[in-house]
1. Residue-wise, which Karplus ³J(HN,Hα) couplings in Hz belong to region 335-343, taking 6.51 cos²θ - 1.76 cosθ + 1.60, θ = phi - 60°, and x for glycine or proline?
2. To the nearest 20 Debye, how big is the dipole of region 105-298 about its Cα centre, given +1 on the beta carbon of each Lys and Arg and -1 on that of each Asp and Glu?
3. Could you give the nm distance between label points at Ser177 and Glu397, where each point is 7 Å from its Cα heading toward the beta carbon?
4. Based on Cα coordinates alone, diagonalise the gyration tensor for region 105-298, multiply each eigenvalue by 5, take square roots, and list the semi-axes in whole Å, largest first.
5. Could you work out the Rg to Rh ratio of region 46-168, with Rh taken as the Kirkwood radius (inverse of the mean 1/r over all Cα pairs)?
6. Quickly work out the Glu308-to-Glu186 label distance, labels modelled 7 Å from Cα along the C-beta direction, and quote it in nm with one decimal.
7. Fewest Cβ neighbours within 10 Å first, please rank Trp244, Trp109 accordingly.
8. Output wanted: per-residue J couplings in Hz (rounded whole) for region 308-319, from phi through Karplus 6.51 cos²θ - 1.76 cosθ + 1.60, θ = phi - 60°, x for Gly and Pro.
Amino acid sequence: MPELDSLPRIRAPELDAAVSLRPLQDQITDCGDPVRARKAIMAHSTSPRHLRCEPCGHNPAFGDIIAIREGDGAFRSIPAAFLMGSVDGAAILLAGKALALNSGVLGVWRELVARKLAVFLFSVGHDVRGPLRLPSGDFVHSVSRYGPRQWVAVDVVAQLRGESVEDELAQSRTALSQVVPGAVLESRNGRVEVPDDAIVATAQVMANPQWALLLPVGRGSLPPISLPEVLRIVRSAEEPSDLWYYLVDRQDPDGPEVFRPSELGIWEGWRRNGKALHRSGRQFATLFVGDDGSEDEWADASSLFGIERSLLALGLPSARHWPTIDFRGETTWLGDLRNQTFCAVLAWDTPVAVSASWPPGGLSATDLLHDATAGIAHALRRTQSVAEEAFCASGIEALRIEFSHDPRPDAPPIACGGYLERAQIGVSWGSICRLF
């Protein structure tokens, strides 16, 4: 940790990483859709003489500009310290354009955000139920149960403009305040009864391109948490119940009033501190938390570079779409319980993915499928040099091996098919196969 007032220093690994970056225009070809990527960078870049900077205030310093156009179709990125602000600026601009074209897009945005959060919570093992109707007629997004007395109530405020956000946040707080011990909530799947001795923690999730710094007011208060922050917290938790423990600590009425640049800084500090806001023998009235803890998110993201490159070559969803990511030696396991799929990825020069999916009600097959997937991945690792020579000789750039269920009544017990043009091998089993 640098000393207060010390001069900034650039470390050798940081300098080496910066030097190794290819020109911005050459990185466009690495995108999933290079044509759309080029259109995007053209829309959010400008010539040097038209660049405007507003270093003060809440707006991004360079608005939505992420790069400067140079001669011969080249681009130069604006300084990295301003890039995230420009991404926010682009989001604000695009949200305004979307609303101008179709006001109904706000309803679509709210539905997408609510579904995204619910699917993510479910996919990493949270016992989530919702949406829920309160006795007053109000709704909350969901409740999750982590034990007989451990409950978390979550509500979402999704907007595409700054107006009326405060009113919606107030309505959300009112709804969450009704999720108390003994409350009876209604969902489309039946009643949800909160036990009389339950300890209920609450969280407001904010999805809004005009996201700004919101500070708590008073002890035991928790400001809205942005959707990306919540997804990061849920993904990086050791156990699903960590979310409950964290929110209980943050909302302790006898705890300190916490000021922070981002919720991630507090979360990462809480995790590193033995799952506690602080470990002092005395209580504090106020805590000021720096943002250095949120650097862990950047470190984790950079560790996924090889996996991201492999997933792109394999035609699989990027890492952010997989709720569970588990590094086990040379194999990276990706999982999505909602889509009933897991995948073992070998990030070689010619990447390989061995994946398996199971049918609804086929959870008893997961151990067998996992063993089969792990066995193939292990065999490939032991013959890596031979396998890569074969890939090179055949011109294969990536290989996918997939286990799946064939629901047809007349499907054969086991079937294997190959698609050389797609470098894909499929293994399926029929309904009469006694895998379950």
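1. After applying 6.51 cos²θ - 1.76 cosθ + 1.60, I find x, 9, 5, 4, 8, 6, 9, 9, 8 Hz.
2. Numbers: 21 positive and 27 negative charges, 67 e Å.
Computed charge dipole of region 105-298: roughly 320 debye.
3. The answer from the label model is 5.8 nm.
4. Working: eigenvalues 127, 82, 54 Å².
Output for region 105-298: semi-axes of 25, 20, 16 Å.
5. Details: Rg = 20.3 Å, Rh = 17.9 Å.
Taking Rg over the Kirkwood Rh, I get 1.13.
6. According to this spin-label approximation, the distance is 4.6 nm.
7. Numbers: Trp244 23, Trp109 19.
Lowest count first: Trp109, Trp244.
8. 4, 5, 5, 4, 4, 5, 7, x, 9, x, 5, 4
Read-outs throughout are calculated quantities, based only on the coordinates presented, and are distinct from any laboratory measurement. Note that this is a predicted model, so its numbers are computed, not measured. Positions of Cβ are generated from backbone atoms using ideal geometry, with glycine treated the same way; all protein chains shown enter the neighbour counts.
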